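Following: one structure in structure tokens, then a few remarks.
Read the figures in this text as sums done on the coordinates, not as results from a lab. Please read these numbers as outputs of a predicted model, since none were measured by experiment. Here the Cβ positions follow ideal geometry from the backbone for every residue, glycine too, while neighbour counts run over all protein chains shown.
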Amino acid sequence: MTQPRTDTLEQALAQNRFEWWDSLQELGRELKRDKPGLIGVILITSLVLMAVFAPYIAPHDPAAQDLTARLAPPVWYDKGTWNHILGTDHLGRDVLSRTIHGARVSLWVGAAVVLCAGGFGVVMGLMAGYLGGRTDAFIMRWIDTQVAFPGLLLALIILAVIGPSLTTVVVVLSLNGWMVYGRMTRSAVLSIRQSPYVEAAEVVGCRWPRILFRHILPNLTSPLLTLAILEFARIVLAEAALSFLGLGIQPPATSWGLDVAMGKNYMFMAWWLVTIPGCAIAVTVLAINLVASWLRLISDPQEREKQYARHMAGVMRKKLHAVLEKEKTPEAP
Amino acid sequence: MGRFIYRRLVHGLIVILGVTVIVFVVTRMVGDPVQVMLPLESTPEQRAAFEQKLGLDRPIHIQFVEFMGNLVRLDFGESLWQKRPAMDIVFEKLPMTILLTAVGIGFACVMAIPLGIIAALRPGGWVDRVTVFGSLLGLSVPQFWLGLLFIVVFAVQFKILPTSGTGTPSHILLPALTMGLPTLARLVMLVRSSMIDELNRQYVKTSFAKGLPFLRVVGLHALRNAGLPIMTLVGWEVIRSLAGYSVVVETVFAWPGIGLTAIQAIEREDLILIQAIVFTAAVCVVLINIAMDFLYKLIDPRLKLT
């Protein structure tokens, strides 16, 4: 905003090249103002790093059993050892290592489902909103019908019949969740396609895929990003619930939901088996939710206006108090 | 009006039909029911007899026509697991799920509306911040884990509430609380944001200026105008719960509702019971959706039903 106006094309291009860096810096500055958002971003970054480098961080192989050290308590108990910092489960597997590796499954399923469901939903929504007519009617009918399905029950049955695995979990959750993106994209497209620049592109003779993907889609980035992050949080919880019910990730692999389900039987002897993976899920989802609510605040102009108004009201109140104080003091002596 | 009812009913029928066809196809085409339901050592003759009994030896389209014919009469056949009509089992379990949902979501509504309003009165104040953070936390905790935590704290540590099952009224407290908390979190956020918007409107300022009592302005005028999105969410939560999301809570607390029965039927590959349950869930969803549309009209008479 504060950049000087550029006169030559070369200068404009030179500035344009660094625009993404500027906007990143701008984002960083916004983040400093919002403490919960900052905490969320830091947590997510460290979770992603933990998932990527899991084999190097985890002290043990998550599947390695050690029957001599079954149900060992965490290190702060008398019987705990530094070898197993967060204790071991009923097969003597290291809880810390399993929790670190569990992050991989959760984040992978979340990312994959958001990409599949989001991609499909956005394409459907774009087509429905831009092409209109029969396509629109058909896609919206489809979405309305599928939204009214008992989704989780169908997911459970399909998983049970096809056989649960990482891939089937991703497919089933994607099939279940693409409708939100479709609806949102369609309504946004309907309002954008009336704007002069889209009409100009049509007049110039752009074909509809180009208009959709080059001219309309970039304007949907920020609401779609917020929705995708919220959906990511929902998917992490859904994967955990499916694994907990025994219809998600299967035993040789590790998943937080699976670990809670296995720890359930030893809940009264070894509380850490249920508590630690459960906390991991909660912290992950909380971090994602914090980032999502921060993004929603900064990307929604109305919210920004409200925040600014609140801030200004505070400033004015302080000034008023200062003036009142000043007026009081000369009368006192 | 008549046109509206007609359209909604047709759409509802399409939904129910779609769901039943999907379940039919998935269970018949993908899996082999006989293989799953009979023990490994059974002879080919036994298998053939069993196939004949279920009608699985006939072509798939004939099976489908017969299935639809029975569907109209609400007759899914006998459950393979419990050896009695599947619809009887469903009608026995459904009230338990409805009870759990009613208590859980009722609790959420009773808590969420005052909490959300109090938070909305001073946006950015400490009550507001605590409420927002609390509901974010409530949104983030997995439901099954919350249930287990409640069992450990209230049933094992303090021994004041039963761990699971049914019987006395106190049995419903923990499952209902587990069911209601995520709903409460979502609802508080919504009540808060729509009340903040509503309290900034001009008519609220006018009402205060002309000296109407505080409770009347906030609790009657503003809340009623903020009511539409709140009701949508409540309806959506009820639908979610009846459409299978109660599975998790019911499994944790061994609550004998339709969700637990569904999971047990899936484990035992009881196709007939599964079909009956999914069909019932679809009917519930459709009915609640239609009821919600009428409630909208009741709250906001300006709405046109199309």
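Tabulated values for the structure
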read-out	value
0 to 90° range, to nearest 10: angle between helix B:44-54 axis and chain B longest Cα axis	50 degrees
Measure of compaction for the protein assembly as shown (Cα Rg per 2.2 N^0.38 Å)	1.09
Average partner coverage of A:288-296, which counts Cβ from other chains inside 10 Å	2
Tail beyond 29 Å, pair distance distribution of region A:86-235 (Cα, percent)	32 percent
Shielding of A:138-150 by partner chains, average beta-carbon count, 10 Å	5
Cubic angstrom per residue, convex hull over Cα atoms of region B:171-306	124 Å³
Residue-averaged beta-carbon neighbours from other chains (10 angstrom radius) around B:243-255	3
Alpha-carbon centroid distance for the pair region A:143-205 / region B:227-306, whole angstrom	21 Å
Value at 222 nm in deg cm²/dmol, rounded to 500, when DSSP H runs of n ≥ 4 in chain A each add -39,500 (n - 2.57)	-24000 deg cm²/dmol
Distance from region B:64-106 to region B:4-24 (C-alpha centre basis), Å	18 Å
Dipole in debye (nearest 20) - region A:167-307, about Cα centre, beta carbon charges: Lys, Arg +1; Asp, Glu -1	280 debye
Hits among lysines - C-alpha to C-alpha of residue B:297 under 28 Å, sequence gap 8 or more where chains match	B:205
Rounded FRET efficiency, nearest 0.05, which uses the C-beta distance separating residue A:56 from residue B:268 and R0 of 51 Å	0.70
Cα radius of gyration and Dmax for chain A (Å)	26.1, 88
Positive-end residue of B:142, B:283, A:201, charge dipole of the protein assembly as shown with Cβ unit charges	A:201
Gaussian network model of chain B, Cα within-10 Å springs - most flexible of B:77, B:147, B:180	B:77
Cross-link partners of residue B:53 among lysines (Cα-Cα below 23 Å; sequence separation of 8 or more within a chain)	B:83
Region B:111-232, dipole about Cα centre (Lys/Arg Cβ +1, Asp/Glu Cβ -1), debye to the nearest 20	340 debye
Within chain B: Cβ-based charge dipole about Cα centre, in debye rounded to nearest 20 (Lys, Arg +1; Asp, Glu -1)	1700 debye
Helix-derived mean residue ellipticity, 222 nm - over chain B, DSSP H n ≥ 4, -39500 (n - 2.57), to 500	-22500 deg cm²/dmol
FRET efficiency estimate (nearest 0.05) - Cβ-Cβ, residue B:73 to residue B:288, R0 30 angstrom	0.80
Gaussian network model of chain A, springs between alpha carbon atoms under 10 Å - residue of A:183, A:29, A:104 with greatest fluctuation	A:29
Cross-link reach list, lysines versus residue A:328, counting only Cα pairs under 16 Å and skipping chain neighbours closer than eight places	A:318, A:319
Helix A:301-331 axis, angle to chain A major axis (alpha carbon atoms, nearest 10°)	70 degrees
For chain B, diffusion coefficient by Stokes-Einstein and Kirkwood Rh (Cα), 25 °C, 0.890 mPa s, µm²/s	110 µm²/s
